[in-house]
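The values are calculated or read from the model by the stated rules, or taken from the named source; none is laboratory data. Source: prediction; values computed, not measured. Glycine gets a Cβ as well: all are built from the backbone with ideal geometry, and neighbour counts include every protein chain shown. Note: areas computed on protein heavy atoms with side chains; ligands, DNA, RNA excluded. Shrake-Rupley method; radii C 1.70, N 1.55, O 1.52, S 1.80 Å.
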Amino acid sequence: MMRLNYQRHCYQLLRRKAMCGLFVLIFPLIFPCLFTPFTHASPYTFSEWNVPKPRHLRLLRSALQRERLTGEQSDLWAPLADQGWRPYLGSVNAPSLPQKSEGYLQVFLDGGLNQQRMGICDAVAVAKILNATLVIPHLEVNPVWQDSSSFMDIFDVDNFMNVLKDDIPIIKELPDEFSWSTREYYATAIRGTRIKRAPVHASANWYFENVLPVLQSNGIAAISPFSHRLSFDNLPSEIQQLRCKVNFKALVFVPHIRALGDALVHRLRYPPGQSQASSTDYLRETTDQNGKQNPQKFVVLHLRFDKDMAAHSACDFGGGKAEKLALAKYRQTIWQGRVLNSQFTDKELRSQGRCPLTPEEVGLLLAALGFDNNTRLYLASHKVYGGEARISTLRKLFPLMEDKKSLASSAERVHIKGKASLLAAVDYHVGMHSDIFVSASPGNMHNALVGHRTFENMKTIRPNMVLLGQLFLNKNISWSQFRQAVVEGHQNRQGQLRLRKPKQSIYTYPAPDCMCHA
């Protein structure tokens, strides 16, 4: 009898285990959202990728119902008026190169594309100051985007060397006798030919005192890191003009980047008709439609809203507790919590204009300025924090929004796929050919394009971050009040030339160093 009871007990125990196992297998199928919290493709429960609810629903509803105002549209798209300044890159009769170089100058550049671009300009200037031969700069692997693109992958090296041939000697590779001077060589130990502690915004005299002796003693000097290592002030005018010559003339993207950029611009100017839209081949075609339709105007929006920026700002972007925890963890991992903004509340940061604009807020800004839902918008961004879920509100406001993926086929994008610097280069090229450029928040891309478009006298809208931060904090503001404040607050922020002040970047403010008053 006891044996029979024991067998029954074992049977019931096994049955319960089987039922539990079956339940564990079936439960994820019934509630999949609870078991996929970290996918980027869709918003799920318990994830920082939840679809954030609109934070400014009242304004958004009004913006979605906005009407097209013809008068405003014509003012918005009107080219920038002639401001009386012209590009000036120095005398045509440049002095000949000195007969003897002091040695070879190597620089190792960190940062993203536009930070490296400025570093290249400064490297040329330092080589000129020291009468050194510049080795084509080495671009470090970006720690955020993990991009290993080289100078020659991004920039037309032959154009670079040809444009500057009368200014400084440049070589692609070191002679065999100096082939030991590599990035790996300097990473393994302290080397006498490496200058490691170049101060930010160093003067010309600092280079004479600290780098020139190394060049003269060893025939070579390597500066690493090299970013923002040359002052913007107290330099001879010919050095300043040389920096601008590099930035605006010598640094040209490689042909395949320019070709893809031109194709995207063409497709924005001449979008396919309804009959072509159903075709899967029209994106690969480069047919000339100029005679069939008038070119359309378009805006390039640099939506600077990646996880790195969101975390560093220490602002609240409406993603809930999961998002706050994820950004706090990221801050701790990357900066060990040493972020100045984290000492302030979200309200304090927004009122000071220190929070990046979300895609929703950028959309409301553009709508308030008068851009309607027929506006062709090109989204220039690498990765947007929150993915498509975060962009969805912006897309509702501007349904004709495009990007690299929507405009170009996978075959056309094969050479830039996964390469943050090349993707940014394409966006830069399109940004320089747009009717209007808008950057959601200040940064290196913003600074580079603002300066370049100022040099070419092109319209560029600079968001008034303090004004917008305060407006978005006002939850009772009406659409008409918001719209009036935005229009008035941006009347003088549409590309009007601003003269460079002491300590400001020559690459963001090219006048008066690189421009002359006609």
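Below, the figures for the structure above:
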| item | result |
| --- | --- |
| Accessible area of segment 81-155 divided out per residue, in Å², using a probe of 1.4 angstrom | 43 |
| Karplus (6.51, -1.76, 1.60) ³J(HN,Hα), θ = phi - 60°, over segment 475-489, in Hz, Gly and Pro reported as x | 6, 9, 5, 8, 4, 5, 5, 4, 4, 5, 5, 5, 4, 5, x |
| Built amide H within the under 5 Å cut-off of Met401, gap 5+ | Leu377 |
| Segment 104-252, dipole about Cα centre (Lys/Arg Cβ +1, Asp/Glu Cβ -1), debye to the nearest 20 | 320 |
| Residue-wise HN-Hα coupling along segment 363-380, computed from phi with Karplus coefficients 6.51, -1.76, 1.60 (Hz; x: Gly, Pro) | x, 5, 4, 5, 5, 5, 5, x, 6, 9, 6, 9, 5, 8, 10, 9, 8, 9 |
| Sites Asn234 and Cys516 - FRET efficiency at Förster radius 22 Å, r taken between beta-carbons, to 0.05 | 0.60 |
| Distance from segment 384-417 to segment 185-232 (C-alpha centre basis), Å | 42 |
| Chain lengthening between Ala259 and Gln99 when straightened (0.36 nm per residue, less Cα-Cα) | 53.7 nm |
| Cα-projected label distance for Leu400 with Thr345, points at 7 Å along beta-carbon direction, nm | 4.3 |
| Virtual spin-label span in nm between Asn218 and Lys172, 7 Å along Cα→Cβ | 2.6 |
| Solvent-accessible ranking of Arg453, Arg58, largest area first, probe 1.4 Å | Arg58, Arg453 |
| Karplus-derived 3J(HN,Hα), 6.51/-1.76/1.60, for each residue of segment 252-257, Hz, glycine and proline x | 10, 5, 4, x, 6, 5 |
| Potential lengthening between Asn210 and Glu456 on full extension [0.36 nm per residue; Cα-Cα distance subtracted] | 84.8 nm |
| Under 22 Å from Lys100, Cα to Cα: lysines that are on another chain or at least 8 residues apart | Lys128, Lys165, Lys172 |
| Heavy atoms of Val466: accessible area, 1.4 Å probe, square angstrom to 10 | 70 |
